[in-house]
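The values are calculated or read from the model by the stated rules, or taken from the named source; none is laboratory data. Keep in mind the model is a prediction, meaning the values are calculated, not measured. No Cβ is skipped: glycine too gets one built from the backbone with ideal geometry, and neighbour counts run over all protein chains shown.
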Amino acid sequence: MDNSFTYVSYPETGFFSHLVNDYLTNNPNIQPFYAYTPDEAGLTKAIDERKNFPINRKVLVDALYRQYQNLEISSKTSANIDLLGLDNTYTICTAHQPNLLTGYLYFIYKILHAIRLAEELNEKYADKNFVPVYYMGSEDNDIE
């Protein structure tokens with residue numbers, strides 16, 4: 001089966017703000033506001049610098065298993081949670097704040113993109129693990 005596709009850049013879609021487009025195109029005017037570029041060099045830098053911020057991974061893994069204790073958990077989900085306990089595991093996070101006019105396709109696209117990116121990085125960096133994480137931003141987490 002022959003596949004073809006057309007690439008449309010983010011700015012060309014007309015759906016993203018100037019700030020997002022400036023970030024994705026490495027506009028020098030906003031570079032002082034972020035540490036990592038949205039490309040392979042930025043990703044490599046982020047991975048290298050992550051070791052400077054150790055965390056208690058056992059607390060994270062235990063908390064996730066407690067959250068899943070009353071649910072049927074797939075073997076893939078369980079394996080990914082276990083991977084989070086290893087120092088060479090990184091997360092590919094995406095979130096979504098439900099709102100009007102973005103529709104379901106955007107929501108699904110974000111999740112699938114995180115999964116696919118984690119798969120690609122797992123192939124590229126064989127000595128590391130990448131786990132996709134989705135966070136539903138529907139709660140008001142600004143309240144104590």
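Here are the numbers for this structure:
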| item | result |
| --- | --- |
| Hits in the stretch 28-62 (condition: loosely packed, with under 11 Cβ neighbours inside 10 Å and more than 23 Å from Leu121 (Cβ to Cβ)) | Pro28, Asn29, Pro32, Phe33, Asn56, Lys58, Val59 |
| Residues satisfying the stated conditions in the stretch 1-37, i.e. touching a residue at least 12 places away in the same chain (Cβ under 8 Å) and touching a helix residue (DSSP H, G or I) at 6+ places or on another chain (Cβ under 6 Å) | Tyr10, Pro11, Leu24 |
| Out of Tyr7, Tyr23, sole residue that is at pLDDT below 90 and out of contact with any Cys (no Cβ under 8 Å at 6 or more places or on another chain) | Tyr7 |
| The stretch 86-97 residues that are without any contact (Cβ under 8 Å) to a residue 40 or more places away in the chain, paired with ones that are among the hydroxyl-bearing types (Ser, Thr, Tyr) and part of a strand (DSSP E or B) (beta carbon under 8 Å, 6 or more apart) | none |
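Residues checked against (1) under 23 Å from Phe130 (Cα atoms); (2) at pLDDT below 90; (3) of a type in the set (A, V, I, L, M):
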position	(1), (2), (3)
Leu43	yes, no, yes
Asp62	yes, no, no
Tyr68	yes, no, no
Leu71	no, no, yes
Ser78	yes, no, no
Leu83	yes, no, yes
Gly103	no, yes, no
